[in-house]
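Participant: I have a structure here, written as C-alpha coordinates, and I will follow up with some questions on it.
The values are calculated or read from the model by the stated rules, or taken from the named source; none is laboratory data. This is a predicted model, so every value here is computed, not measured. Neighbour counts run over all protein chains shown; Cβ positions are idealised from the backbone, glycine included.
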Amino acid sequence: MIADKDEIIYSLKKFVNELENTINSSIKNNNTDVKDIYNKLGIALLWIGCCLDRLRENKVIYSSEEHNLEKAFRGAYDAQKHSISLVTFNHFRQGGITSPFHFPLVIPAPNYYFSKLDETVLEHKKEIKIYNKILSNKPIMLEVRNIEKIILSKLQCV
(Lines give C-alpha, C1' and ligand atoms only; values in the text may rest on other atoms or scores of the structure.)
Protein backbone atom coordinates (compact mmCIF):
# COMPACT_ATOMS: atom_id res chain seq x y z
CA MET A 1 0.00 0.00 0.00
CA ILE A 2 1.27 3.45 -0.90
CA ALA A 3 0.30 5.99 1.75
CA ASP A 4 0.68 9.09 -0.42
CA LYS A 5 -0.65 7.59 -3.64
CA ASP A 6 -3.09 10.42 -4.44
CA GLU A 7 -0.36 13.05 -4.06
CA ILE A 8 2.07 11.05 -6.21
CA ILE A 9 -0.53 10.58 -8.95
CA TYR A 10 -1.39 14.29 -8.82
CA SER A 11 2.29 15.28 -9.05
CA LEU A 12 3.03 12.88 -11.89
CA LYS A 13 0.07 14.09 -13.94
CA LYS A 14 0.78 17.76 -13.19
CA PHE A 15 4.40 17.68 -14.31
CA VAL A 16 3.80 15.44 -17.33
CA ASN A 17 1.12 17.92 -18.44
CA GLU A 18 3.50 20.84 -17.86
CA LEU A 19 6.15 19.09 -19.96
CA GLU A 20 3.63 18.55 -22.75
CA ASN A 21 2.48 22.19 -22.61
CA THR A 22 6.08 23.40 -22.78
CA ILE A 23 6.88 21.13 -25.72
CA ASN A 24 3.74 22.17 -27.59
CA SER A 25 4.43 25.85 -26.92
CA SER A 26 8.04 25.53 -28.06
CA ILE A 27 6.99 23.79 -31.28
CA LYS A 28 4.25 26.35 -31.95
CA ASN A 29 6.66 29.26 -31.39
CA ASN A 30 9.51 27.56 -33.29
CA ASN A 31 11.67 27.83 -30.18
CA THR A 32 14.72 25.61 -30.60
CA ASP A 33 16.23 26.49 -27.20
CA VAL A 34 15.89 23.29 -25.20
CA LYS A 35 16.41 24.77 -21.72
CA ASP A 36 12.70 24.86 -20.85
CA ILE A 37 12.18 21.36 -22.25
CA TYR A 38 15.21 20.11 -20.30
CA ASN A 39 13.87 21.66 -17.10
CA LYS A 40 10.35 20.27 -17.45
CA LEU A 41 11.62 16.86 -18.52
CA GLY A 42 13.87 16.76 -15.46
CA ILE A 43 10.92 17.42 -13.15
CA ALA A 44 8.76 14.85 -14.95
CA LEU A 45 11.59 12.29 -14.73
CA LEU A 46 11.86 12.98 -11.00
CA TRP A 47 8.20 12.08 -10.50
CA ILE A 48 8.42 9.14 -12.88
CA GLY A 49 11.41 7.88 -10.88
CA CYS A 50 9.60 8.39 -7.57
CA CYS A 51 6.61 6.44 -8.86
CA LEU A 52 8.79 3.64 -10.20
CA ASP A 53 10.57 3.44 -6.84
CA ARG A 54 7.25 3.15 -5.00
CA LEU A 55 6.08 0.46 -7.40
CA ARG A 56 9.36 -1.44 -6.91
CA GLU A 57 8.89 -1.27 -3.13
CA ASN A 58 5.44 -2.79 -3.60
CA LYS A 59 6.87 -5.57 -5.81
CA VAL A 60 4.71 -4.70 -8.81
CA ILE A 61 4.94 -7.17 -11.68
CA TYR A 62 5.45 -5.86 -15.21
CA SER A 63 5.02 -7.47 -18.59
CA SER A 64 8.24 -7.83 -20.57
CA GLU A 65 7.48 -4.71 -22.63
CA GLU A 66 6.54 -2.71 -19.52
CA HIS A 67 9.69 -3.90 -17.76
CA ASN A 68 11.89 -2.69 -20.63
CA LEU A 69 10.21 0.72 -20.66
CA GLU A 70 10.55 0.93 -16.87
CA LYS A 71 14.29 0.17 -17.13
CA ALA A 72 14.72 2.69 -19.96
CA PHE A 73 13.12 5.42 -17.85
CA ARG A 74 15.27 4.46 -14.88
CA GLY A 75 18.25 5.04 -17.17
CA ALA A 76 16.89 8.44 -18.20
CA TYR A 77 16.16 9.33 -14.57
CA ASP A 78 19.64 8.28 -13.44
CA ALA A 79 21.28 10.17 -16.30
CA GLN A 80 19.31 13.29 -15.43
CA LYS A 81 20.42 13.06 -11.78
CA HIS A 82 24.12 12.70 -12.50
CA SER A 83 24.94 15.36 -15.04
CA ILE A 84 23.20 18.09 -17.00
CA SER A 85 24.98 16.98 -20.15
CA LEU A 86 23.69 13.41 -20.06
CA VAL A 87 20.16 13.99 -21.30
CA THR A 88 20.06 16.18 -24.38
CA PHE A 89 17.54 16.60 -27.13
CA ASN A 90 17.55 16.90 -30.87
CA HIS A 91 16.17 20.39 -31.19
CA PHE A 92 13.74 19.91 -34.03
CA ARG A 93 13.55 17.48 -36.83
CA GLN A 94 12.33 19.84 -39.49
CA GLY A 95 10.10 18.52 -42.20
CA GLY A 96 11.27 18.81 -45.76
CA ILE A 97 12.27 16.85 -48.77
CA THR A 98 15.71 15.68 -49.79
CA SER A 99 16.77 14.05 -52.99
CA PRO A 100 17.00 11.22 -53.90
CA PHE A 101 13.59 10.19 -52.62
CA HIS A 102 13.24 7.00 -50.62
CA PHE A 103 9.89 5.36 -50.26
CA PRO A 104 7.96 5.25 -48.13
CA LEU A 105 8.53 8.99 -47.86
CA VAL A 106 8.46 10.17 -44.25
CA ILE A 107 8.41 13.87 -43.39
CA PRO A 108 8.72 14.16 -39.62
CA ALA A 109 6.86 16.93 -37.88
CA PRO A 110 8.77 19.33 -35.66
CA ASN A 111 9.21 17.67 -32.28
CA TYR A 112 11.60 17.02 -29.44
CA TYR A 113 13.23 13.60 -29.19
CA PHE A 114 15.23 11.67 -26.63
CA SER A 115 18.89 11.64 -27.62
CA LYS A 116 21.19 8.67 -27.71
CA LEU A 117 23.43 8.56 -24.63
CA ASP A 118 27.04 7.50 -24.34
CA GLU A 119 27.01 4.11 -22.61
CA THR A 120 30.06 4.97 -20.49
CA VAL A 121 28.46 7.85 -18.58
CA LEU A 122 26.95 5.76 -15.79
CA GLU A 123 28.03 2.75 -13.78
CA HIS A 124 24.77 1.03 -14.68
CA LYS A 125 25.60 0.52 -18.35
CA LYS A 126 22.70 -1.90 -18.74
CA GLU A 127 20.19 0.89 -17.99
CA ILE A 128 21.77 3.16 -20.59
CA LYS A 129 21.81 0.35 -23.17
CA ILE A 130 18.10 -0.24 -22.57
CA TYR A 131 17.47 3.53 -22.63
CA ASN A 132 19.23 3.77 -26.00
CA LYS A 133 17.35 0.78 -27.37
CA ILE A 134 13.90 1.88 -26.15
CA LEU A 135 13.95 5.69 -25.91
CA SER A 136 16.68 7.20 -28.08
CA ASN A 137 15.38 9.05 -31.13
CA LYS A 138 11.77 8.64 -29.96
CA PRO A 139 9.44 11.60 -29.37
CA ILE A 140 9.69 12.61 -25.72
CA MET A 141 5.97 13.07 -25.09
CA LEU A 142 4.96 9.81 -26.75
CA GLU A 143 7.27 7.81 -24.49
CA VAL A 144 6.51 9.84 -21.35
CA ARG A 145 2.79 9.25 -21.91
CA ASN A 146 3.49 5.52 -22.37
CA ILE A 147 5.30 5.21 -19.03
CA GLU A 148 2.70 7.43 -17.35
CA LYS A 149 -0.06 5.09 -18.50
CA ILE A 150 1.80 2.07 -17.12
CA ILE A 151 2.53 3.79 -13.81
CA LEU A 152 -1.06 4.93 -13.33
CA SER A 153 -2.43 1.46 -14.08
CA LYS A 154 0.04 -0.16 -11.67
CA LEU A 155 -0.61 2.41 -8.93
CA GLN A 156 -4.33 1.61 -9.11
CA CYS A 157 -3.50 -2.01 -8.22
CA VAL A 158 -1.49 -1.28 -5.05
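Participant: Might you let me know whether the range 15-36 holds any residue that is closer than 14 Å to N111 by Cα, among the hydrophobic types (A, V, I, L, M, F, W, C) and either surrounded by fewer than 14 Cβ atoms within 10 Å (Cβ to Cβ) or modelled with pLDDT of 95 or more (or both)?
Facilitator: Yes, there is a match, as at least one residue in the range 15-36 is closer than 14 Å to N111 by Cα, among the hydrophobic types (A, V, I, L, M, F, W, C) and either surrounded by fewer than 14 Cβ atoms within 10 Å (Cβ to Cβ) or modelled with pLDDT of 95 or more (or both).
Participant: Taking the range 15-56 on its own, how many of its residues are free of Cβ contacts under 8 Å to residues at least 24 places away in the same chain and within 18 Å of S153 (Cα to Cα)?
Facilitator: Going through the range 15-56 one residue at a time, the tally reaches 3.
Participant: Look at the range 45-67 and say how many of its residues are surrounded by fewer than 17 Cβ atoms within 10 Å (Cβ to Cβ) and assigned to a loop (DSSP other than H, G, I, E, B).
Facilitator: 5
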